[in-house]
Each structure stands twice: as C-alpha cells, then as structure tokens.
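Bear in mind that the values in this text are calculations on the coordinates, not laboratory data. The shown structure was predicted, so the numbers you read here are calculated from the model rather than taken from an experiment. We place every Cβ from the backbone using ideal geometry, glycine too, and count neighbours over all the protein chains shown.
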Ligand SMILES: *Cc1c(COP(=O)(O)O)cnc(C)c1O
C-alpha cells in the first residue's frame, strides 16, 4: 500500500460518525438499527477494500465522502429488503425457459392460487360427507376426462413421477428401457440415476439409434417388472433410426403380464401445430400404457408438477406408496393446476389464456407488430432521455425450450439495441441489473430483445428498463457513484 492509499484510509469517516449524519439518521427511521449499522459497516468496508486494492485511485476521495457512503448504505439496505426471487422480463425468445421459471400462469390460475393460499380450503376434506378426503380428488376427474385415463394423481414434478413409478412398480426388479432413451434432462435428472435411486435395475436394450420390439422381448426374464418408454424430449436422433412404438411395447407387456410406463416429458394436451412431435398422453393410454407421466410446467403451461394418468389400479398403488407423501404437491400448486386444466375443457380458451400456448402459437405477423410497437416506444423513450442508441428490428428463430421440441424454430421478431457509448456486453449486463431485470441475447454488436414471450402490457416496462440500462452502460468503468446516480 502506498502513502496515497494510507492517507485515503485515514480520511474515511468512522461508522459512528456516519451514523450521526442526517442522511443515515433518516435511514434509521425506516429500518431496524442493527441493520443500518451493519449496512454502514459494509459500505465503509467496500471503500476500504477499493483503496487497499489500489483500484480507481481517482475516485477514492469521492467515494469516501459521507454523502457517497450514505447513498451506498441506502443501496445496501434496499438490496437486503428486496426479494431475491423476483420477476424478470423474458426477452430471450425461449418460451419455456427453465432458468426463468418455465411457464407463467393464466390469469384464472393466478386468481385461484391467491384464493386458496389466503383461506382454509377443502384440500383433504370431503365437503359433502364431512369426512377426510384426498388431495388428488381435485384433479382426478378433470385429468381423466382430458386424457381418457381411468385415474390421475399429481406429484412435485415429472422427475418425482418417474421416481414414484419405478419405486412402486419395479423396486428390486428389472426395468427394460431402450438404449436410445437413457436421457439426461437439465443436468441432474438422468434416467439411469433415477432408476438406481428407486432400487430398480436397468436393463438396456437395442442400440443408440435402433431398438426393435424384438430387443425388448429378448431381454425379458423372471426378474422383469416393468417396460419403460422415455420420450427423448430434448434431442433427436435422425437418419438410420428406429424405436418400438408405445403400442408395440404395450402389446408385449400385455402378453407377458407386465406393466408399461410412458414418460412423455412435456405432455402436450392440445394438438397445436407447434406440437407435432409431442405425443399426446391420450394416445399412449389408448395404445395400452398403464401409466403415463408428464410435467405441469412445460407445454401444459401450468405450475411445476408431475402428472400421472393411467389405470385406476396402478394409480391407486402409486397413491398408497410412502413416497407419494414425500413427493406430494402443495395446495397452491393444485389450485393453479386445476384452473389451468379447466381452461383445456375449451381448447380455444386454453390457446387464448394460457401464456405458454399463446406464445408458442403466435404467428410471425403478430410478433412483427409487437416488435414494431416496442421499437416505436423505445425510440421515443431514448430520445426523451437524451440518450444515444440505435434501435432496429430483426427476424429471429425462437425456441419452445424446457427440453421440448428441440428442432422447432419459431419464426419471431426481436428489437435490436446498440448503444453508441459503451460495449454491447456492458449494455446486456446493465439490462439484467435494471429495476425489473431484462434478460435478452447478445448477437454480434447488438442486444436482441425477442418479443415472442412478451405482451403488449410489458412494453412500457421494457422501454423504461432499456433507457435505464443505456444510461448505466454509458458510465465509465470506474463505477463513480455520481454517474450511476444520475443515469
Ligand atoms: C423434463 C422431463 C422430465 C423431468 O420433468 P420435471 O418436471 O422437470 O421434473 C422427465 N422426463 C422427461 C422425458 C422430460 O422431458
């Protein structure tokens, strides 16, 4: 440390001195004292760290001012009191974005969550009989009607549905699966791992690209307990390929008296044009599968959940297993799921009101109009703020996401933003730091904000965020509080 740094450290006000300043005393009015003291300590410690590290010496005097330190303290307190889990703008062009919460709920589903969360409910109570009921009753009839199943149940997510199925139907026994279907979904969910967890033994049949029904049959032994098909949601093997159909597998299961389970992954309930490659649950059940499972928050567009539909006898066994209790869903999930499924009774309404379906079903003209509206708004906001940026529109290839429909490219539109000061990376970073973070994409020299998963009502917020970010990105890297504060 040089003399200059030592002097700067000596000039730093003490925590006690700062606590006496009017600005910090004002913070004491709205925050617990210990919190304010801790925040002041942290603000001072940061300046101390900057000085000790020798970074940005020309800013040392400014950031050591009591005024600057109290601003930093207020900012620290604001960050502590702000929720960590919060909303963001999804301008990525990936509709079911697993990192951004997958599906957003339909308004009717949100209303039902609010109602059930704030009041007692008949979660496990049979109102007519005045006796204990089952939480599965709320969705059983609805799911059965929608898929043609005899019975249904819901667990925490589809990974839990697969774990429960394997544990109940095949623990200590063999499960026959095609080698081409031993998939990994999103990092931590791997079919072979789940199999091990459940206590079932995996028997791989066929090859990576070709598995025939004869391969299944040749693998059957007295130890076989289950035939499992897994939909390879997030990748496609193309070219010289073959997989046994669920009808063939089900017919083999019938002949040998073995149950058949089908993990569909996304589980689309509507025949949307975009869903051509997603096998519907009803088709698997018709083909003879005993139990079919899929996610609630992928292409269904509901809350996180694992949905199991199938034969009454099989579903009853699943419900009675101790794991079912450990994997059960909360009342808020059930409320959201029931309301979402209700919308599916009228396919037109489902398409209109479930955001995931509405976004995936959007025509290119619609995203073009939305992008044009965003561009107009942005240009006006940028001009009004006296900032310099170039705003344009480009065609994009958006994605379904969530490990669904890997090959599908949805023709969409994005608004491009280029700042005339600061780098494109700085702009993208600043967009994520906006009061409502905006997550977009960097493409060459511009940030692209894809509008596929945006609504008209989001546009003014996006414009505000972009203006805020352009101001931030224009600040010099020394991070002077003045520039940030006035941006
Ligand atoms: C996504 C997926 C899962 C896991 O579902 P979650 O709801 O994320 O737990 C399991 N199997 C397949 C085939 C999937 O696509």
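Assuming R0 = 41 Å, can you tell me the calculated FRET efficiency for the pair residue 145 and residue 443, based on Cβ-Cβ distance, to the nearest 0.05? Using R0 = 41 Å, I get an efficiency of 0.35. Along its principal axes, the stretch 105-353 has C-alpha extents of 55, 40, 32 angstrom, given from the largest down. By the compact-protein rule of thumb, 2.2 N^0.38 Å, the alpha-carbon radius of gyration of the stretch 1-92 corresponds to a ratio of 1.25.
Please compute the alpha carbon radius of gyration of the stretch 181-308, then divide it by the globular-protein estimate 2.2 N^0.38 Å. Two decimals is fine.
That works out to 1.05 for the stretch 181-308.
Less than 14 Å from a label point 7 Å out along the Cα-to-Cβ axis of residue 395: which backbone N atoms in the stretch 340-364 qualify, by residue? 364, by backbone N distance to the label point. Fewest neighbouring Cβ atoms within 10 Å first, the residues 153, 332, 195 line up as 332, 195, 153. Once you reduce the stretch 192-223 and the stretch 127-170 to the center of their Cα atoms, the two points are 27 Å from each other. Using the alpha-carbon atoms, what tilt in degrees (0 to 90, nearest 10) does helix 459-473 show relative to the longest principal axis of the chain? So the inclination is approximately 50 degrees.
Translational diffusion coefficient of the stretch 119-247 (Stokes-Einstein, Kirkwood radius from Cα pairs, 37 °C, 0.692 mPa s): 193 µm²/s. In the stretch 3-81, Cα pairs under 8 Å separated by at least six residues give a relative contact order of 41 percent. Estimated at 0.36 nm per residue, the fully extended path between residue 179 and residue 460 surpasses their Cα-Cα distance by 96.2 nm. To the nearest ten degrees, helix 66-81 and the longest principal axis of the Cα atoms of the chain are 10 degrees apart. Sorting 224, 333 by the number of Cβ atoms found within 10 Å of their own Cβ, with the fewest placed first, yields 224, 333.
Computed from label points 7 Å out along Cα-Cβ, the spacing between residue 53 and residue 10 is 2.5 nm.
Within the stretch 105-353, antiparallel bridges make up roughly 45 percent of the DSSP beta bridges whose residues both belong there.
As a proxy for reagent exposure, 216, 344, 125 were ordered by neighbouring Cβ count within 10 angstrom, fewest first; the result is 125, 344, 216.
Counting only DSSP beta bridges with both residues in the stretch 166-267, the antiparallel share comes to about 15 percent. How much of the DSSP bridge set in the chain is antiparallel, in percent, rounded to the nearest 5? So the antiparallel bridges amount to about 60 percent of the total. With Cα atoms as the point set, the radius of gyration and Dmax of the stretch 357-475 evaluate to 14.0, 43 Å. Taking every alpha-carbon pair under 8 Å whose residues sit at least 6 apart, the stretch 196-330 reaches a relative contact order of 18 percent.
According to the calculation over all Cα-Cα pairs in the chain, the P(r) per 20 Å bin from zero is 20, 40, 30, 9, 0 %.
Axis angle, to the nearest 10 degrees, between helix 246-256 and the longest C-alpha principal axis of the chain: 50 degrees. Entry for the stretch 50-187 at q = 0.22 Å⁻¹: log10 I(q)/I(0) = -1.39, Debye formula applied to identical alpha-carbon scatterers, no solvent contribution.
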